[in-house]
Amino acid sequence: MSEKEKIAMEQKETKRKSTYTIALAGNPNVGKSTIFNNLTGMNQHTGNWTGKTVANATGYFEYRGEQYKIVDIPGTYSIMSHSEEEEIARNYICFGNPDATIVVVDATSLERNLNLVLQITEITNNLIVCVNLLDEAKKKKIKINLELLSNILKVPVVGVTARNKKTLNNLLKVIRNVCERKEQINPIYQIHYDEKIEKAIEEVREIISKQYKIEEKLARWMSIKVLDGEEHILKEIEKQLHIQLMNNREIDKVKKEVLENLKEKEIRQEEFKEKIVSTIVKDAEEIGKKVCKFENKDYANRDRKIDKILTSKKYGIPIMILFLLLIFWITIVGANYPSQFLFSLFGNIQEKLIEFATYIHCPGWLSNMLILGVYQTLTWVISVMLPPMAIFFPLFTILEDLGYLPRIAFNMDGFFKKACCSGKQMITMCMGFGCNSCGVTGCRIIDSPRERLIAILTNNLVPCNGRFPFLITIATIFIAGTIGGIGASIVSTIAVMFVIILGIMMTLVISKILSKTILKGMPSSFVLELPPYRKPQFLKVLVRSIFDRTIFILGRAVAVAAPAGLVIWLFANIGIQGQSLLTIIANFLDPLANLMGLDGYILTAFILGIPANEIVLPIILMCYMQGTSLVNMEDTFAIGEILRQNGWTILTAINVMLFTVFHFPCATTLLTIKKETGSWKWTAISFFIPTVCGIVLCMLTTLVYHVFMI
Amino acid sequence: MKEKTVNELELGEIGVVSKIIGEENIKRRLLDLGLIEGTDIKPVLVSPSGDPRAFEFRGSLIAIREEDAENIKLK
């Protein structure tokens, strides 16, 4: 065996054997995910708002021949309470047995972050504190004495700027040292509570240690929980470690004695809890004061000035609308050119494919079915979906990176509170304007499960990118078409704006109705951090939003578009007694459609358009032109002619616009809803809510129209 | 005498927390953010709809709704 082969063998060997496991903890929004990504090279989306990581994300990396597994646990301010994220975080640190736990802290608000660090010192000794965002701190003239911090906590402290990959080298070294050290070095920092409380904790700990073989530190932490009466946490400990802490006669006895004792010293159980929390916060404050130096006391002034404008009574909401309009405008105008390019590219390939099919003597029906059915629908969906998403998401991600999104939630919270919901729902709606499927995924930022579900169910009530062009086309033809000139574009813009506002209002109304009926409940507490504004990293934004969102959504859409293309083709080409299936279905739907001021073909097109809203108009045109494949038409005027010839009036146009906004979600969104809620029942409800809204609204306008016209 | 809460603070006026009351969950959340006895708290922003307001304490800016802020008593 040559030397080279030997090394290769050894490397393989190490890869297989002992991998170290590292947990990555920290407050929300401190750059945890950025560190995770830079270490693992995986692309997990990081957002400048709280609560992005909901489940543990796992990644791997190699350093000096060792294989490391790193687990990104949800960001939390604490690991003491009951929320879902805190439970996941706590369970992993306590019971996941990581070789090291890295706590990432924000250098610009070290004091608050230390609270979590201190809580974790109560559970594990294998702690690494990673002070991130040193660049931001430097800008704000905050100086942090890392060495002193390390001396106080008696754990390794590493300063990094996670955006800058190079600065992570130190962290890697420290990780390695901590993982590889065999025996425990000196004990790390320990919180000292009030004398009486310490005595009480010690008494309970002795009993636990006597009964079970548990590390002293963990036993101490457990005894605090026993005295706390934190049933929830105790249950979890019992389950994970197969021990009994509650209904344990000996422990109960000591607990009772100790609590009596404390009561005599005027510490009741509720106060015990508070004392524990405030001791930790005070310790954090003290340490923070020692290691941080604020050379510029008014470091947040610039942010506050910006905030005063962006959240002002007068300009707050108009600026928000302006931002969103600007993004839509850039998206719609900008997407035209790449869409055209993709159309002609795929069109050319299509011609080649047809030639090829003829060349190999493929039967006509088969090649038509595959090329005009599957291929054309598939490429159509890509051409119309890809460019707007590739433009919208980076723009949206820039707003996200800037830290503007939490401000949107802050501005809009008042309205959502009235609907018994969270202001964060507005953020998910804004994402929904880009793509409802993304909006639904984004609902993870809402903490309360009830409010999250409402946000998911109502997300489709705002029109996505796929529906905008259709809305604009119809508005231009029928509403603005009667005016002409510059006035036309203004009128059509207003018409589209009107439907959007209607969508937003409907969201609030439906949310309120849901809150009062099947999803009863009061608005949960709304505690939202407004993080400091940060400069977006434009290149990373581009890469991230394209890979994380665009490609992902496109993948799902394509998976649906291909079979749908086949179905559409079959419907248009298979018939009974000279009538295509399409016509038969349209005729069947005609009575309902007429009540809604539409016609059967339009309804059929919406149903067949379920893979992507973008293909609704092409299907309508295909039906009217008696075609057998989708029709692409650029000329708005010509589209208008065809529609008018087939009986469209201003009423039809208004109803089509309404139904475009209010109808069942596209297949991609439905799949996402199924994934997020894990339930077909909620998926079905999300299907019916907007559909029923749309049917009722269309019937109403038709009724009103006929009453006034006659 | 009724205790003063942060809701009674004018924008820019600094108050000192005396205690957090209220239902367990919200109490815990506020404590976790570092709102304990002796913490300086200052409302700095108000949402266009009047509620919530954003408070500055311990170097962060946190939006809290009126009914939740009611639980933060001042000295």
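What follows draws every value from the coordinates through simple rules; no lab data is involved. The model shown is predicted, which means the values in this text are computed figures rather than measured ones. When we count neighbours, we look across all protein chains shown, and the Cβ atoms used for this are built from the backbone with ideal geometry, even at glycine.
Odds and ends about this structure:
- Computed from backbone phi with θ = phi - 60° and the Karplus coefficients 6.51, -1.76 and 1.60, the 3J(HN,Hα) list for segment A:436-449 is 5, 4, 5, x, 5, 4, x, 4, 4, 5, 8, 6, 6, x Hz; x is used for glycine and proline.
- Fraction of antiparallel bridges per DSSP, chain A only, in percent to nearest 5: 40 percent
- Put simply, the Cα atoms of chain A extend 89, 75, 55 Å along their principal axes, the longest span coming first.
- Under a 5 Å amide H cut-off, with hydrogens placed 1.01 Å from N, A:G159 pairs with A:V131 among residues at least 5 apart or on other chains.
- Measuring against 30 Å, Cα to Cα, the residue pairs A:K69/A:K217; A:K32/A:K520; A:K140/A:K166 contain A:K32/A:K520 as the ones spanning a longer distance.
- Each of A:H663, A:H192 has some number of other Cβ atoms within 10 Å of its Cβ, and from fewest to most they run A:H192, A:H663.
- Of every Cα-Cα pair in segment A:620-710, the percent that sits beyond 21 Å: 53 percent
- Links that overshoot a 26 Å alpha carbon limit, given the list A:K263/B:K27; A:K314/B:K4; A:K173/A:K297: A:K314/B:K4; A:K173/A:K297
- For segment A:169-260, the spread of Cα positions along each principal axis, largest first, Å: 51, 31, 23
- Computed over neighbours whose Cβ is under 12 Å from that of A:I251, the net charge equals +1, Lys and Arg +1, Asp and Glu -1.
- Rotationally averaged projected area of segment A:346-485 (alpha carbon convex hull; nm²): 13.5 nm²
- Interchain or long-range residues, amide H under 5 Å from A:V103's placed H: A:A25, A:I128, A:V129, A:C130
- Exposure proxy for B:D40, A:D413: other Cβ atoms within 10 Å of each Cβ, ordered fewest to most, give B:D40, A:D413.
- Dipole axis of the protein assembly as shown (+1 Lys, Arg; -1 Asp, Glu on Cβ), positive-most option in A:I188, A:A638, A:S679: A:I188
- Rounded to two decimals, the Cα-based Rg/Rh of segment A:232-300, with Kirkwood Rh, is 1.22.
- Segment A:533-639 - convex hull of alpha carbons, volume per residue in Å³: 164 Å³
- Gyration tensor (Cα) of segment B:6-74, equivalent ellipsoid semi-axes in angstrom: 17, 14, 11
- Phi-based couplings in Hz for segment A:355-361 (Karplus 6.51, -1.76, 1.60; Gly and Pro marked x): 4, 5, 4, 5, 4, 8, 6
- Cα-only Debye scattering, segment A:348-408: base-10 log of I(q)/I(0) at q = 0.16, 0.18, 0.30 Å⁻¹: -0.62, -0.69, -1.12
- Counted charge near A:K225, where neighbours are those whose Cβ lies closer than 12 Å (Asp, Glu -1; Lys, Arg +1): 0
- Whole-number percent relative contact order across chain A, with pairs defined as alpha carbons under 8 Å at least 6 apart: 11 percent
- Nearest-ten-degree value, helix A:249-264 long axis tilted from longest Cα axis of chain A: 80 degrees
- Gain upon complete extension [A:M633, A:K210; 0.36 nm per residue less C-alpha separation]: 144.2 nm
- For segment A:282-365, the alpha-carbon coordinates run over 83, 38, 22 Å along the three principal axes, in decreasing order.
- Rounded to the nearest angstrom and listed largest first, the equivalent-ellipsoid semi-axes of segment A:623-676 from its Cα gyration tensor are 28, 16, 9.
- 11 Å beta-carbon shell around A:T311, net charge (K/R +1, D/E -1): +4
- Cα pair distances in segment A:93-138, grouped into 10 Å bins until the bin that holds the longest one, percent each: 27, 49, 21, 3
- By other beta-carbon atoms within 10 Å, ranking A:W680, A:W221 with the fewest at the front produces A:W680, A:W221.
- Cleavage-rule hits, trypsin sites (Lys or Arg not before Pro), segment A:119-198, DSSP coil, Cβ neighbours within 10 Å at most 13: A:K141, A:R181, A:K182
- Rounded to whole Hz, the Karplus (6.51, -1.76, 1.60) HN-Hα couplings of segment A:585-602, x for glycine and proline: 5, 4, 5, 5, 7, 3, x, 4, 4, 5, 4, 8, x, 10, 10, x, 5, 5
- Taken as Cα centroids, segment A:160-216 and segment A:553-575 sit 57 Å apart, rounded to the nearest whole angstrom.
- Alpha carbon convex hull of segment A:11-180, volume per residue in cubic angstrom: 107 Å³
- DSSP-defined antiparallel bridges as percent of all bridges, segment A:11-180, nearest 5: 25 percent
- 13 Å cut-off, amide nitrogen to a point 7 angstrom out along A:L148 Cα→Cβ, residues in segment A:289-308: A:289-295
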